[in-house]
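Here is the structure we will look at, set down as C-alpha cells.
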Amino acid sequence: MNGLVMLILSAAVLLLAYLFYGKYLVNKWGIDPNKKTPAYEFEDGVDYVPAPPSVVFGHQFASIAGAGPINGPIIAAMFGWVPVLLWVVFGGIFFGAVQDLAALYASVKNKGKTIGYVIELYIGRTGKNLFLIFVWLFSILVVAAFADIVASTFAGFDAAGAKVEANAAVATTSMLFIAAAIILGIFIRKVKTNQIVQGAVAIIFLAVCITLGIFYPIYVSRNIWLYVVFIYIFCASVAPVWALLQPRDYLNSFLLVAMILAAFIGIIFTAPSIHLPAFSGWIVNGQYLFPILFVTVACGAVSGFHSLVASGTTSKQISKETQILPISYGSMLVESLLAVIALIAVGALAVDGKMPAGTPPQIFAGAVAGFLAKLGISSEVSYTLITLAISAFALTSLDSVARVGRLAFQEFFISETGGAEGPIVKFFSNTITATVLTLLLGYILARVGYQNIWPLFGSANQLLAALSLIACAVFLKRTKRQGAPLYIPMCAMLVITFTALFFTIKSKWNMLFSTETAFSFTADGLQLIFAILLLILGIIVAADGFSKLRKRAQ
C-alpha cells in the first residue's frame, strides 16, 4: 500500500463526511444563528468568555488532540494497517465526530453546562452524581499520566545523569509559551483587532519562543519539573480562560497545524510505502483485536475526553451556534486525519512487516523528519520541532483536563435544579478546594508512575464516550430531536469498553491468586481497583440512561 494513496483517500472521505453527514446532523437538530449563546448570556470573565471562532477552534483542537492520535494508531498498528485505517476513518466519522458534535450541541443548548448537568436535567440527580464521580476519577487518571509524561519529556538529564539537549529545549520553549500566551491573551482582549492580525502576532510569538528554546535550553531534573507542572496546571485551572487557556491553545493550534501540514507535504512528495501487513491476525502478542484495537486507537477515532472539553470549556466560549459544526465535528475529523498520518509514519519505518523500535512520538517524529529530509530540510531540526509539538499538546490537554476535573468535582456538590447550600457544600464547591483535591490525588498517582495506570486510560476514555452518547441521546429524545444517529455508536462503545474492563479485572484478579506471577499492589492493585470502580459506575449510569431512553421511546 502506498502512503500517498492512503492519505488522499482518507482526506477525501473525511471531507465528504463533514460536508454531508455533519451538516445533515446539524440541520436535523436545528441551529439558531441569532440566538444568544451561553458565552454572552452568562459572561463572567472567568469561564464564560465569548471568543473569535479561530480562537475557540484552536482551544478545542489543541485540547482534544494531545498525543492521543499519534500514540494510539501507532501502537494498534501491530494488528495491521487495514483494521486501524478503517476504525480511524469510519470510527471518526460515525462515532467520534458525532459524539463531539452532540456534546457541544447539548451543552450550548443547556446554558453551556457539562454533560453532568445534562444528565441531571434529563435523567436524574443520581445518574449525574455517578457520572461526575466517573469523570473525576477519569480526570485524575489523565492528570497523573500526562503530568508524568510532560515532566519526563522536559527532563534535562537522562538516567545516567547526562544532559539531554532536545528535552531541555522543549522545556524552555514550553515555559516561554506560557508567558507568551498571557501576553497574547491580554492583547486579544484589550486591543480590538481582526483575526488576521491576531494570527500574525501569535505566529511571531511562536517563532520567538521556539528560537529562544533551541538556543537557551533549561536543564532541570524530572522531579523538579513535576512540581512545576502541577503548580502550572493549578494556576491554569483557576485562571480566567481568556488569560491563559484560550491564548495558549490558540498558539498551540498553529504549532499542531504546522506539524500536520509538514507531515502532509512530506507524504505527498515522497509517497512512502507501507511496510506493515494489511492484517496481522485476530490475536497479536497475546492481545485480542477485539476489544484492544478500539480502546488503543482511542482519540484517533473516538474519545470521551472530547465531550468533557466540548461541554466543560468550549461551549462557554462559542459566540454563535453556527460555529458548533466546524469546532466540534470539524476538529475531530482533522484529528482522524492526524491519526492516518501517524499510521503512515509507522508503516513507512517498519521493516519486513515488523514494527519499528522506539516510543510512538519518536517513531512519528523520525518518520516525518525522514520525509522532510528528502525535500532538503534538516532532519535534526524537523525532529526537534515535531517532538516539541507533541510535548506542547500533552501539556495543553493536561491543563484542560485539570479544569474539567475541577468543574466535575464542583458540580457534584451543586444541584442545578435547586436546593439549599450549606457550609459543607460551599467548602467543597469552592474553586480552590476542588482544584487542590483533584490535583493532590493526581500528583500522588503521578509519583507512582503513569505506566501503572495507563492501561486503564483507553477503556475509561471509551466508556466515557459511551456514557456521553447516552446522555446526549436522552437529551435529543426529550427535546423531540432525532437521536437515532447516536444509538449504534453508544451501544457499540458500551460492548467494547465493558469487555476491555472485564478482561483487565479478570487478568489482575488471576494474578492476585496466582503463585506463578507476582502481583504488585502499587501497579496491579491500582489497576484492579480503578477497573472495578469504573465498570460498576459505567453499568449503573448506562442502565439509568437506557431506562429513561426506553420510557420516552414508548
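The values are calculated or read from the model by the stated rules, or taken from the named source; none is laboratory data. Just so it is clear, the structure is predicted and the values come from calculations on it, not from any experiment. Counting neighbours? That spans all protein chains shown, and the Cβs are built from the backbone with ideal geometry, glycine included.
Cβ-Cβ distances below 8 Å connect the following pairs, each with a first residue in the range 111-125 that is in contact (Cβ under 8 Å) with a residue 60 or more places away in the chain, a second residue that is assigned to a loop (DSSP other than H, G, I, E, B) and among the hydrophobic types (A, V, I, L, M, F, W, C), and a separation of six or more residues or different chains: 111/42; 112/42. Is it the case that some residue within the range 379-400 is of a type in the set (S, T, N, Q), surrounded by fewer than 24 Cβ atoms within 10 Å (Cβ to Cβ) and part of a loop (DSSP other than H, G, I, E, B)? No, the conditions are met nowhere in the range 379-400. Screening residue 115 against (1) closer than 14 Å to residue 311 by Cα; (2) surrounded by fewer than 22 Cβ atoms within 10 Å (Cβ to Cβ); (3) not polar (S, T, N, Q) leaves a single unmet condition, (2). Within the range 221-247, the set of residues being among the hydroxyl-bearing types (Ser, Thr, Tyr), surrounded by fewer than 19 Cβ atoms within 10 Å (Cβ to Cβ) and either assigned to a helix (DSSP H, G or I) or on the phi > 0 side of the Ramachandran plot (or both) comprises 227 only. Quickly run through the range 345-402 and pick out the residues that are aliphatic (A, V, I, L, M), within 18 Å of residue 146 (Cβ to Cβ) and at pLDDT 85 or above. Listed by number, the list holds a single entry, 402. Exactly one residue among 530, 502 is surrounded by 15 or more Cβ atoms within 10 Å (Cβ to Cβ), under 25 Å from the mean Cα position of the chain (by Cα) and more than 24 Å from residue 120 (Cβ to Cβ), and that residue is 530.
Looking for something part of a helix (DSSP H, G or I) and either within 27 Å of the chain's Cα centre (by Cα) or under 24 Å from residue 293 (Cβ atoms) (or both) - is there at least one such residue anywhere in the range 511-521? For the range 511-521, residues part of a helix (DSSP H, G or I) and either within 27 Å of the chain's Cα centre (by Cα) or under 24 Å from residue 293 (Cβ atoms) (or both): present.
Close contacts from the range 76-96, counting a first residue that is touching a residue at least 60 places away in the same chain (Cβ under 8 Å) and in a helix (DSSP H, G or I) and a second that is buried (at least 24 other Cβ atoms within 10 Å of the Cβ) and among the acidic types (Asp, Glu), with Cβ to Cβ under 8 Å and a gap of 6+ residues or different chains, come to 92/335; 96/335. Among the residues of the range 109-119, is any of a type in the set (S, T, N, Q), within 25 Å of residue 538 (Cβ to Cβ) and in a helix (DSSP H, G or I)? There is no residue in the range 109-119 that is of a type in the set (S, T, N, Q), within 25 Å of residue 538 (Cβ to Cβ) and in a helix (DSSP H, G or I). The numbered conditions (1) buried (at least 16 other Cβ atoms within 10 Å of the Cβ); (2) under 28 Å from residue 445 (Cβ atoms); (3) modelled with pLDDT of 85 or more are all true for residue 180 except (2). For the range 250-281, which residues satisfy the criterion of being assigned to a helix (DSSP H, G or I) and loosely packed, with under 15 Cβ neighbours inside 10 Å? Residues satisfying the conditions are 261, 268, 269.
Within the group 133, 178, 186, which residue is closer than 21 Å to residue 110 by Cβ and in contact (Cβ under 8 Å) with a residue 40 or more places away in the chain? Step through it out loud before you land on a result.
Values: 178 fails: closer than 21 Å to residue 110 by Cβ; 186 fails: closer than 21 Å to residue 110 by Cβ.
Of the residues listed, the single one that is closer than 21 Å to residue 110 by Cβ and in contact (Cβ under 8 Å) with a residue 40 or more places away in the chain is 133.
Name the residue, out of 290, 269, 294, that is in contact with a helix residue (DSSP H, G or I) (Cβ under 7 Å, 6 or more places away or on another chain) and among the aromatic types (Phe, Trp, Tyr). Explain how you work it out, then say what you get.
On the way: 290 fails: in contact with a helix residue (DSSP H, G or I) (Cβ under 7 Å, 6 or more places away or on another chain); 269 fails: in contact with a helix residue (DSSP H, G or I) (Cβ under 7 Å, 6 or more places away or on another chain).
Answer to the check: 294.
For the range 68-84, taking the residues that are surrounded by 24 or more Cβ atoms within 10 Å (Cβ to Cβ) and aliphatic (A, V, I, L, M), the one that is farthest from residue 281 (Cα to Cα) is identified as 70. Within the range 533-554, the residues that satisfy the criterion of being buried (at least 17 other Cβ atoms within 10 Å of the Cβ) and either within 23 Å of the chain's Cα centre (by Cα) or free of Cβ contacts under 8 Å to residues at least 12 places away in the same chain (or both) are 534, 535, 537, 538, 541, 542. Give me a count of the residues in the range 470-480 that are surrounded by fewer than 18 Cβ atoms within 10 Å (Cβ to Cβ) and either assigned to a helix (DSSP H, G or I) or touching a residue at least 40 places away in the same chain (Cβ under 8 Å) (or both). Of the residues in that region, 2 qualify.
Residue count for the range 500-512 under the criterion of being closer than 24 Å to residue 545 by Cβ and either modelled with pLDDT under 85 or of a type in the set (A, V, I, L, M) (or both): the result is 3. Of the residues that make up the range 159-175, is at least one part of a helix (DSSP H, G or I), farther than 30 Å from residue 460 by Cα, among the charged types (D, E, K, R) and in contact (Cβ under 8 Å) with a residue 24 or more places away in the chain? So far as the range 159-175 goes, yes, one or more of its residues are part of a helix (DSSP H, G or I), farther than 30 Å from residue 460 by Cα, among the charged types (D, E, K, R) and in contact (Cβ under 8 Å) with a residue 24 or more places away in the chain.
Listed by first and then second residue, the pairs with beta-carbon distance under 6 Å, at least 6 apart or on different chains, first residue in the range 283-302 and on the phi < 0 side of the Ramachandran plot, second assigned to a loop (DSSP other than H, G, I, E, B), are 289/282.
Each residue in the range 505-528 was checked for being in contact with a Gly (Cβ under 9 Å, 6 or more places away or on another chain), of a type outside the set (Phe, Trp, Tyr) and without any contact (Cβ under 8 Å) to a residue 60 or more places away in the chain, and 2 of them qualify. Counting only helices (runs of 4 or more DSSP H) that fall entirely inside the range 282-374 and contain at least 2 residues that are touching a Lys or Arg at 6+ places or on another chain (Cβ under 9 Å), the qualifying elements are 304-312.
Could you identify the single residue in 522, 515, 497 that is at pLDDT 85 or above and not aromatic (Phe, Trp, Tyr)? Steps first, answer last, please.
Details: 522 fails: at pLDDT 85 or above; 515 fails: at pLDDT 85 or above.
Result of the check over 522, 515, 497: 497.
All told, residue 28 falls short of being at pLDDT below 95, out of contact with any Asp or Glu (no Cβ under 9 Å at 6 or more places or on another chain) and either surrounded by 24 or more Cβ atoms within 10 Å (Cβ to Cβ) or not in a helix (DSSP H, G or I) (or both). Each residue in the range 258-282 was checked for being closer than 25 Å to residue 386 by Cβ and either free of Cβ contacts under 8 Å to residues at least 12 places away in the same chain or more than 23 Å from the chain's Cα centre (by Cα) (or both), and 13 of them qualify.
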